[in-house]
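Asks: Structure provided below as structure tokens; questions to follow.
The numbers here are math on the coordinates, done by the rules we state, and not lab data. This structure is a prediction, so every number in the text was calculated from the model and none was measured. We place every Cβ from the backbone using ideal geometry, glycine too, and count neighbours over all the protein chains shown.
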Amino acid sequence: MLLEVRSLCVRYDEKSEPAVRDVSFSLDDGEILGLVGESGSGKSAAARAIMGLLPADAAVTGQVLFDGADLTAVSDKERRKYLGSEIGMVFQEPLSAMDPLMRVGRQVEETLRIHASMSAAERKARALEALAMAGLPEPGAVYRAYPHMLSGGMLQRAMIAAAIAAGPRLLILDEPTTALDVTVQAQILNLLKTLNETQHIAMLFISHDLGVVRKICPGVAVMQKGEIVETGETQVVFQSPQHPYTKLLLAAKEG
């Protein structure tokens, strides 16, 4: 098993309810799992707990096993060895996630600079390859551009390129299509499907959009108030939901 999350809990302070409560799921090589729920359901907090991107005062319990190694039990230095090289993350807002003062190519190279023993020429070649894999028609021009010079769809592709440059086995995608129009959204979903099929990258796809999840995720886990309330094959869960919350989500979409 590539990723196993066991009884994960996240609490931001002692007085409030846990943001994530006893969450467990698994993901194998090349598998795509959708993690769905409305805003505040805990899905992004769970993803950030896996990546170690929560605030320093957040309390995390449970286990996050990646290829057998418990990422909650290792040092920050040890965890960083996995982030970027083995696990990549794509955020919802690429413009805010990328450094506006740094050329796109340099940002795509960042994980290579940290994790790979490459010369400057080799890093550039790999960055250009990743930009091309992300479906950008002029990788050289994008490599030299600053983030503000690119459209939203191109920026999202560039961030995907940065996430896959070091050849990770798992991508965590936090609402990666929410800020895009319908046409660009469809293009990004097709790109992710292609990367999954050709590179065999496993994906944890976080979204509140059930239509998007239906298109790309064979399996789904539904979160409500920090807990997973229903899991299964996406088509089965969406056609015959068992939990009242899942039924409510589907009814809201149809309405």
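Asks: Cα extents of the chain along the three principal axes, largest first, in whole Å?
Replies: Per principal axis, max minus min of the Cα coordinates gives 53, 43, 32 Å.
Asks: To continue, here is another question. How many nm is it between the label spots at Glu38 and Arg214, if each spot is 7 Å from the Cα in line with the beta carbon?
Replies: So the label points at Glu38 and Arg214 sit 2.0 nm apart.
Asks: Please list, in order along the stretch 61-68, the HN-Hα scalar couplings obtained from phi with the Karplus expression 6.51 cos²θ - 1.76 cosθ + 1.60 (θ = phi - 60°), rounded to whole Hz, x for Gly and Pro.
Replies: Here the 3J(HN,Hα) series is 10, x, 10, 10, 9, 10, 6, x Hz.
Asks: Out of Phe238, Phe91, Phe205, any idea which swings most in a Gaussian network model of the chain, alpha carbons joined below 10 Å?
Replies: Phe238
Asks: A further question follows. Rounded, prolate or oblate: which fits the stretch 49-126 when a ≥ b ≥ c are the square roots of the eigenvalues of the alpha-carbon gyration tensor, with rounded for a/c under 1.5 and prolate only if a/b beats b/c?
Replies: Verdict is oblate for the stretch 49-126.
Asks: Using θ = phi - 60° and the Karplus curve 6.51 cos²θ - 1.76 cosθ + 1.60, what whole-Hz ³J(HN,Hα) does each residue of the stretch 44-58 get, with Gly and Pro shown as x?
Replies: Per-residue couplings from phi come out as 5, 4, 5, 5, 5, 5, 4, 7, x, 10, 7, x, 4, 8, 6 Hz.
Asks: Could you tell me the largest-minus-smallest coordinate of the C-alpha atoms of the stretch 98-167 on each of the three principal axes, in descending order and whole angstroms?
Replies: The Cα atoms of the stretch 98-167 stretch 32, 24, 17 Å along the principal axes, largest first.
Asks: Can you compute the helix-only [θ] at 222 nm over the chain? Use -39500 (n - 2.57) per DSSP H run of at least 4 residues, normalise by all residues, nearest 500 deg cm²/dmol.
Replies: Only helices count here, giving -11500 deg cm²/dmol.
Asks: Can you give the local net charge around His115? Use residues other than it whose beta-carbon is closer than 14 angstrom to its beta-carbon, Lys and Arg +1, Asp and Glu -1.
Replies: +3
Asks: Let me ask something else. Sum up the charges of everything whose Cβ sits under 9 Å from the Cβ of Ala202, counting Lys and Arg as +1 and Asp and Glu as -1, but leave Ala202 out.
Replies: For residues surrounding Ala202, the net value is -2.
Asks: Give the separation of the Cα centroids, the stretch 228-255 to the stretch 76-131, in Å.
Replies: 36 Å
Asks: With θ set to phi - 60° and the Karplus curve 6.51 cos²θ - 1.76 cosθ + 1.60, what are the ³J(HN,Hα) couplings of the stretch 161-168 in order, to the nearest whole Hz, using x for Gly and Pro?
Replies: With coefficients 6.51, -1.76 and 1.60, one gets 4, 4, 6, 9, 4, 8, x, x Hz.
Asks: Could you check which residue among Ile228, Ile50, Ile114 shows the biggest mean-square fluctuation in a GNM of the chain with a 10 Å Cα cutoff?
Replies: The residue with the greatest mean-square fluctuation here is Ile114.
Asks: Quick check for me: using +1 on Lys/Arg Cβ and -1 on Asp/Glu Cβ, what's the dipole size of the chain about its Cα centre, in debye to the nearest 20?
Replies: 540 debye
Asks: Related question: What is the stretch 120-237 by shape, rounded, prolate or oblate, if you read a ≥ b ≥ c off the alpha carbon gyration tensor as root eigenvalues and call it rounded for a/c under 1.5, prolate for a/b larger than b/c, and oblate otherwise?
Replies: Prolate, since a/c reaches 1.5 and a/b exceeds b/c.
Asks: For the chain, find the longest principal axis of its Cα atoms and tell me its angle to the long axis of helix 120-133, 0 to 90°, nearest 10.
Replies: 50 degrees
Asks: Still on this structure, I have one more. Choose one answer from Ser117, Ser16, Ser44: the residue with the largest mean-square fluctuation in a GNM of the chain with alpha-carbon springs under 10 Å.
Replies: Ranking Ser117, Ser16, Ser44 by mean-square fluctuation puts Ser16 first.
Asks: Here's something else I'd like to know. What residues qualify as long-range amide H neighbours of Ala134, i.e. H under 5 Å apart, gap of 5 or more or another chain, H built at 1.01 Å from N?
Replies: none
Asks: With bins 5 Å wide starting at 0, give me the P(r) of the stretch 188-255 over every alpha carbon pair, in whole percents.
Replies: Final binned percentages: 3, 15, 27, 24, 15, 9, 5, 1.
Asks: Please report the net charge: other residues with Cβ closer than 15 Å to the Cβ of Arg126, K and R +1, D and E -1.
Replies: 0
Asks: Here's something else I'd like to know. For Arg21, what residues show an amide H to amide H distance below 5 Å, using hydrogens built from the backbone and excluding near sequence neighbours?
Replies: Val10, Glu227
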